[in-house]
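One structure follows; several queries about it will come next.
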Amino acid sequence: MEQQHIDSLLERYLALIDEYSRLREELSKLQAGVYQNIARANFTGERGMRYGQDHYDERMRALRVLDIQLGDDDVPNFSMRSSAPPADEVDGDGEGRKEGENREDSLEGEQPDNATAQGNSVDSNEEKQSPEEQEKDEQEEGKKKTKERSNNPLHWFSILAPAPLRTAQSLSIQAVEQAIPRLISVNAEMEHIEIEIRRARKKRAKAAAAAVVEKEALGMEAVEAR
């Protein structure tokens, strides 16, 4: 019975070794692709322009964080989840947003007649605006919203980032979200199975030693009976 348990553990361990080797190879290819595409982007970029840490934004925030969950037998399972900072925090408008909310709360307590009068004045001002001015205001508002919601690291270098740099980003995301979490999860499971195999072998050795002792005791009893 113990031998069958050990055999099943060894079979699972060999499968994990195969998956671990495949993931290491996949991660190496992804990393090589990232460096190659960054080199292409630097080669084809403008004179004096290099894509690297010199252009990192000071407001850099992690867009993905590691999530650890315990599975069967308390084996940790690693995965990545999105943790994009809000637009107001990215643009440094957190305090302004709070002040705006407080201001809106204070305005809610005012009389409805004042709100109606303000609404009428706003409508009259909008009617006075020409179509060109309205279109210009809409474009500026759209640009402002785009800027607030934009947290793509590629925009640190320019809005029109080269294609190799975008490819490097996609390969990096694939490595961070898929290859690396699965790789460390497999490694954690392998370590757990190694411990289980050692325990099973010790248990089997103790059982064998106990069987030998019991056999010797039975032999001594048979000799004494003679």
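The values are calculated or read from the model by the stated rules, or taken from the named source; none is laboratory data. Please read these numbers as outputs of a predicted model, since none were measured by experiment. Please note: Cβ atoms are built from the backbone with ideal geometry, for glycine as well, and neighbour counts cover all protein chains shown. Protein only, heavy atoms only, side chains kept; ligands, DNA and RNA dropped before computing areas. Shrake-Rupley method; radii C 1.70, N 1.55, O 1.52, S 1.80 Å.
Being surrounded by 19 or more Cβ atoms within 10 Å (Cβ to Cβ) and either under 14 Å from the mean Cα position of the chain (by Cα) or assigned to a helix (DSSP H, G or I) (or both) is the filter here, so list the residues in region 156-170 that pass it.
Answer for region 156-170, where residues must be surrounded by 19 or more Cβ atoms within 10 Å (Cβ to Cβ) and either under 14 Å from the mean Cα position of the chain (by Cα) or assigned to a helix (DSSP H, G or I) (or both): 164, 165, 168.
Just for region 33-66: of the residues that are aromatic (Phe, Trp, Tyr) and at pLDDT 75 or above, which one is nearest to residue 178 (Cα to Cα)?
35
While we're here: For region 1-34, enumerate the residues that are in contact (Cβ under 8 Å) with a residue 60 or more places away in the chain, closer than 26 Å to residue 173 by Cβ and open to solvent by 50 Å² or more (accessible area, probe 1.4 Å).
20, 24, 26, 31
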